[in-house]
1. Could you tell me which residue of the stretch B:26-37 is most open to solvent (accessible area, probe 1.4 Å), considering only residues that are more than 7 Å from every other protein chain (Cβ to nearest Cβ), of a type outside the set (D, E, K, R) and part of a helix (DSSP H, G or I)?
2. Which residues, taken from the stretch B:77-88, are open to solvent by 30 Å² or more (accessible area, probe 1.4 Å) and assigned to a helix (DSSP H, G or I)?
3. Is there a residue being within 11 Å of another protein chain (Cβ to nearest Cβ) and open to solvent by less than 50 Å² (accessible area, probe 1.4 Å) anywhere in the stretch A:5-24?
4. Suppose the filter is modelled with pLDDT of 95 or more and surrounded by 22 or more Cβ atoms within 10 Å (Cβ to Cβ); does B:ALA58 pass it?
5. Would you be able to say whether some residue in the stretch A:29-45 is at the interface with chain B (Cβ under 10 Å from one of its Cβ atoms), open to solvent by less than 90 Å² (accessible area, probe 1.4 Å), under 25 Å from B:ALA60 (Cβ atoms) and at pLDDT below 90?
6. What number of residues in the stretch B:19-52 are under 15 Å from the mean Cα position of the chain (by Cα) and farther than 14 Å from A:VAL58 by Cβ?
7. Of the residues that sit in the stretch B:1-18 and are open to solvent by less than 10 Å² (accessible area, probe 1.4 Å) and either within 11 Å of the chain's Cα centre (by Cα) or within 8 Å of another protein chain (Cβ to nearest Cβ) (or both), which one is nearest to B:TRP82 (Cα to Cα)?
8. Here is a list: A:ALA26, A:ALA42, A:ALA63. Which entry is more than 9 Å from the chain's Cα centre (by Cα), without any contact (Cβ under 8 Å) to a residue 60 or more places away in the chain and part of a helix (DSSP H, G or I)?
Amino acid sequence: MFPSHSRECPRGDERLGWVGYGALNAGLALRAIAEPLHATYAFIWMGWGLALAALLQVLAIWALVLALWPRVKGARPRA
Amino acid sequence: MPRISQLMIRTALLQLLLGSTVGGLLLAEKGLHILPWLWLLRPAHSQMLLLGWLVQLACAVAIWILPRLDSAGDRGNVRLAWLCYGTLNGAVLLAALHIPLVALSARPLAWLPMLAGLLQFIAVIAAVAHLWPRVLSFRQKGVIREQAV
């Protein structure tokens with residue numbers, strides 16, 4: 001939906017989108033496992049699992065914002 | 001994309017970054033129990049992600065993409081959109097700062113969330129007032145164009 005990045009590369013660096021996709025889903029899956037386990041047993045490694053889930057989710061957001069940022073611009077004048 | 005929408009989307013992206021980073025820190029704190037004072041930032045996290053990111057992005061895209069009022073591309077009263085931008089972000093800032101400021105100053109500062117609520121209300125009214133005339137069917141738009149000719 002956003003304006004294209006350039007004629008040659010309309011969506012910019014798509015690898016950032018893939019990193020965002022992978023990290024967001026891995027972070028959510030890890031959180032879904034680690035959070036109930038941490039609430040039930042509270043082992044220290046489960047705490048680190050939560051921290052890793054948080055890191056993955058934040059990484060995903062940063063990647064997606066970096067991918068979108070250059071595409072927030074006015075329309076290119078038509079040739 | 002008009003300038004106001006560019007600015008609103010960029011501000012929304014920044015609030016997404018900041019809000020989700022705070023959320024990530026809170027989740028890590030939940031597991032590691034190292035910095036308990038981080039929980040003071042929880043209202044800031046929810047305000048930035050709900051209002052600063054979601055509502056602001058929705059308003060920005062609506063201002064950009066809804067039908068324009070004439071063939072010259074008139075988007076109506078854009079000052080209302082600027083008012084929405086200023087008051088929405090002011091409201092998020094005040095609501096986000098409330099609990100940390102209360103913790104630092106040891107005063108209730110009850111006027112701060114009230115002012116934030118008032119600013120939110122003004123932002124919503126300004127956005128609706130700007131967008132309402134632009135919710136048109138193609139037939140209505142054709143009639144307006146014919147009247148202009």
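The values are calculated or read from the model by the stated rules, or taken from the named source; none is laboratory data. Keep in mind it's a predicted model, so treat the numbers as computed, not measured. Reconstructed Cβ throughout: ideal geometry from the backbone, glycine too, with neighbour counts over all protein chains shown. We work out accessible area using only protein heavy atoms, side chains counted, and drop any ligands, DNA or RNA first. Shrake-Rupley method; radii C 1.70, N 1.55, O 1.52, S 1.80 Å.
1. The qualifying residue most open to solvent (accessible area, probe 1.4 Å) is B:TRP37.
2. B:VAL78, B:ARG79, B:LEU80, B:TRP82, B:LEU83, B:TYR85, B:GLY86
3. no
4. no
5. Scanning the stretch A:29-45, I find no residue that is at the interface with chain B (Cβ under 10 Å from one of its Cβ atoms), open to solvent by less than 90 Å² (accessible area, probe 1.4 Å), under 25 Å from B:ALA60 (Cβ atoms) and at pLDDT below 90, so the answer is no.
6. So the count comes out to 6.
7. B:MET8
8. Result of the check over A:ALA26, A:ALA42, A:ALA63: A:ALA26.
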